[in-house]
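Quick notes on the structure that follows.
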Amino acid sequence: KRIKLPKQALKRLKPLYTAYFTLQRALADDKPKRAHKAYKQLGAFLRRPLTLHARTQKTWQKLRVGLYDAFKKGNTHTTLAPQRAAFEDISKQVIQLEQRFGHAGKKEHFLAYCPMAFNNRGAAWLQDQDKRVHNAYFGAKMAYCGSIRREFAPRSKRVKR
């Protein structure tokens, strides 16, 4: 169920989404140094106290703990395979964040899915570039493998399903 947040509260999540999308693009582009830097940005955001809205704080804290645990798995790695493995857990939390709270801004976020990731178990992620898949789990090897499953419009616009 989507929780309605004031626009100002949604804006406080922008650095989180920015770090996440930087990480997603770095993994899709096979750039482990850039991914490592994005992990650091994500960690800096997660370490700061953040109050979104009084009645949503419990939900935010649960998502934040999940994000922080996933961040710790990928934070120290400088190679793509473990960075991508940790990205799966981070993506699960960020997708929940998008589903629960949404995002501020002007651009859509896209839910992408690759059925071949992790030995055909499949995995999802969010991306903000465009509707074309930019596969964070395979990078250049299979850059466009997968499909866009859903679009999330900014909360100021109507959500597409």
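The values are calculated or read from the model by the stated rules, or taken from the named source; none is laboratory data. Small disclaimer: the values here were computed from a predicted structure and weren't measured. A quick note on method: Cβ atoms are made from the backbone with ideal geometry, for glycine too, and the neighbour counts reach across all protein chains shown. We work out accessible area using only protein heavy atoms, side chains counted, and drop any ligands, DNA or RNA first. Shrake-Rupley method; radii C 1.70, N 1.55, O 1.52, S 1.80 Å.
So, of the residues in the range 27-59 that are in contact with a Phe, Trp or Tyr (Cβ under 9 Å, 6 or more places away or on another chain) and small (Gly, Ala, Ser), which turns out to be surrounded by the most Cβ atoms within 10 Å (Cβ to Cβ)?
Ala35
Yes or no, residue by residue, for (1) over 18 Å from Ala124 (Cα atoms); (2) open to solvent by 20 Å² or more (accessible area, probe 1.4 Å):
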residue: Leu63; (1), (2): no, no
residue: Leu67; (1), (2): no, no
residue: Leu80; (1), (2): no, yes
residue: Ala86; (1), (2): no, no
residue: Ile90; (1), (2): no, no
residue: Gly102; (1), (2): no, no
residue: Lys107; (1), (2): yes, yes
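Okay, residues lined up against (1) aliphatic (A, V, I, L, M); (2) at pLDDT below 95:
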position	(1), (2)
Arg64	no, yes
Asp69	no, yes
Lys73	no, yes
Thr79	no, no
Gln83	no, no
Glu108	no, no
Ala123	yes, no
Ala143	yes, yes
Arg150	no, no
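Could you tell me how many of the residues in the range 111-161 are more than 18 Å from Gln83 (Cβ to Cβ), open to solvent by 20 Å² or more (accessible area, probe 1.4 Å) and in contact with an Asp or Glu (Cβ under 7 Å, 6 or more places away or on another chain)?
Of the residues in the range 111-161, 2 are more than 18 Å from Gln83 (Cβ to Cβ), open to solvent by 20 Å² or more (accessible area, probe 1.4 Å) and in contact with an Asp or Glu (Cβ under 7 Å, 6 or more places away or on another chain).
Consider Tyr17 carefully, then state whether it is at pLDDT 90 or above, closer than 20 Å to Phe152 by Cα, under 15 Å from the mean Cα position of the chain (by Cα) and open to solvent by less than 80 Å² (accessible area, probe 1.4 Å).
yes
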